[in-house]
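For reference, the structure is listed below as structure tokens.
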2 protein chains.
Amino acid sequence: MDQLEIFKALSNKTRLQILQWLKEPENHFAKQDHADFETIGVCVGQIQQKAGLTQSTVSDYLSMLQKAGLLESTRVGQWTYYRRNPVAFEALSDFIKTAI
Amino acid sequence: MDQLEIFKALSNKTRLQILQWLKEPENHFAKQDHADFETIGVCVGQIQQKAGLTQSTVSDYLSMLQKAGLLESTRVGQWTYYRRNPVAFEALSDFIKTAI
DNA sequence: TAGGTATATCGGGAAAAGTCGATATACCTT
DNA sequence: AAGGTATATCGACTTTTCCCGATATACCTA
């Protein structure tokens, strides 16, 4: 776990918001046709639409969050689904409580 | 609590390190003449020396951490002592566990 | 194979953060 | 009051981040 990389990933309003959305997908996204976002996540297009930024920016943001370990992704056909990685948040929460 | 401001404050190697030092001052700093760092904190000069950056940079960093709520400061004579604000870390740890 | 859709990557211009040296401020001592 | 020490603030330069448009890649369907 590279905490510095994680904190950098969290240092952006839109990226923070995306994480909040992905915490409760059913409250923030329309139901998807080919995937249950409870288990596999939400596709890039839906996140992009909600964020109101360009596709390239949102794709960048998601891969940044994934590189930091906060998100996981699954490719299914032409879609990439992103979802929270709960373990990372627990570890980070712990780091904050015990190390700094 | 402005989480975005907090995460920005945490997005720097030296600032993260300062927080780790201030978590256990007795393990990282020499005893001070005029103050007990367990209660009042560590003065800027000692932190600067350990960080190896200029005085102005470290002063900036400390005030940034304080603005974010992570540190508290006390002025005594010509010294300013900085110490952890434990409540802020608990709140942040909680935010990470419950909101994102 | 050709065209359509979803996502990723690349290159760049603008804005913000990192870090410094110089200077200002505050306080202490004589 | 004058000089010394500790910290804060300012201005500038460099590096990084933000966010875009354009293009590439991957996959699907007819």
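The values are calculated or read from the model by the stated rules, or taken from the named source; none is laboratory data. None of these values were measured; they are calculated from a predicted model. Here the Cβ is made from the backbone with ideal geometry for all residues, glycine too, and neighbour counts use every protein chain on show. To get the accessible areas, we keep the full protein, side chains included, count just its heavy atoms, and leave off ligands, DNA and RNA. Shrake-Rupley method; radii C 1.70, N 1.55, O 1.52, S 1.80 Å.
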Normalised convex hull volume, the range A:36-76, alpha-carbon set, Å³ per residue: 76
Radius of gyration, Dmax [the protein assembly as shown; alpha carbons; angstrom]: 20.0, 68
Chain pair A, B: total accessible area buried, heavy atoms, 1.4 Å probe, Å²: 2000
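Grab the other residues whose beta carbon is less than 13 angstrom from that of residue A:62, score K and R as +1, D and E as -1, and report the net. Kindly include the intermediate steps, with their values, before the conclusion.
Working: positive: A:15, A:50, A:67, A:75, A:83, A:84; negative: A:60, A:72.
Taking every Cβ under 13 Å from that of residue A:62, the sum is +4.
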Shielded by partner chains, the range B:83-100 residues - at least 30 Å² of accessible area, 1.4 Å probe, vs chain alone: B:89, B:93, B:96, B:97, B:99, B:100
Angle between chain B longest axis and helix B:86-98 axis [Cα atoms, degrees, rounded to 10]: 20
Threshold 30 Å² - residues in the range A:1-49 whose accessible area is reduced by that much or more when the chain is no longer isolated, probe 1.4 Å: A:4, A:7, A:10, A:11, A:16, A:20, A:23
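Under a 1.4 Å probe, what is the accessible area of the protein assembly as shown per residue, stated in Å²?
Working: 10480 Å² over 200 residues.
Value for the protein assembly as shown: 52 Å² per residue.
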Accessible area of the range A:3-98 belonging to carbon and sulfur atoms, whole % at 1.4 Å probe: 45
Degrees between helix A:55-67 axis and first principal axis of chain A (Cα, 0 to 90, nearest 10): 40
Proportion of all alpha-carbon pairs of the range A:1-60 beyond 15 Å (%): 53
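Filter the GluC sites (Glu not before Pro) in the range B:1-97 down to the DSSP loop ones having no more than 15 other Cβ atoms within 10 Å, then list what survives.
Working: sites: B:5, B:26, B:38, B:72, B:90; in loops: B:38.
Listed in order of number, the matching sites are B:38.
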